[in-house]
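This structure is in structure tokens; I'll ask about it shortly.
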Amino acid sequence: MARELQDRFPLAGLIGGDNEFEQSVAKVLGSVEAPVIGLDLPLDMDGTAFQQRVGQTLRQIRVGEKVSYSETAQRIGAPKEERRAVTGAYVAKTLVVAIPCHRGCVRSVNGLSGYCWGERKAELLRRERKA
């Protein structure tokens, strides 16, 4: 992960955080290892109002549950012509674990679709099913 960060931000100097930051990182890592503990962090959810609605809806999907793009659109009350925009809102999310895109990033309830983290999505869902 550190190498990926360095590749993405080559001019940035990576430094350790203070105690509060380290605790936040520990919470995120803990939620990946044990998804049932959940993740309760204050989030600065950027994006359009539409993207924020999608993000809030994703955060309400239960651990281990998979929801299709179409169902996410229905949950936010998106009219039919806006349903494709739901996919774009997923892609815009940069807080991938805190906003669990992996739970809603499916073409249908049984089929996983493309995802920016590739096989990490399947691993996150596998861990959640075990939990």
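The values are calculated or read from the model by the stated rules, or taken from the named source; none is laboratory data. Since the model is a prediction, treat every value here as computed from it, not as a measurement. Don't worry about glycine lacking a Cβ; one is built from the backbone with ideal geometry, like all the others, and counts go over all protein chains shown.
Within the range 7-20, which residues are surrounded by 10 or more Cβ atoms within 10 Å (Cβ to Cβ) and modelled with pLDDT under 85?
The answer is GLY17, and nothing else.
Within the range 1-21, work out how many residues are free of Cβ contacts under 8 Å to residues at least 12 places away in the same chain and assigned to a helix (DSSP H, G or I).
9
While we're looking at this one, here's another question. In the range 37-59, which residue that is in a helix (DSSP H, G or I) and over 15 Å from the mean Cα position of the chain (by Cα) is modelled with the lowest pLDDT?
For the range 37-59, the residue satisfying everything is ILE37.
Please work out if ILE37 is more than 27 Å from LYS130 (Cα to Cα), free of Cβ contacts under 8 Å to residues at least 40 places away in the same chain and among the β-branched types (Val, Ile, Thr).
Here the answer is no, as ILE37 does not meet what is asked.
If you go through the range 93-131, how many residues are modelled with pLDDT of 65 or more and of a type in the set (Gly, Ala, Ser)?
Total meeting the criteria: 4.
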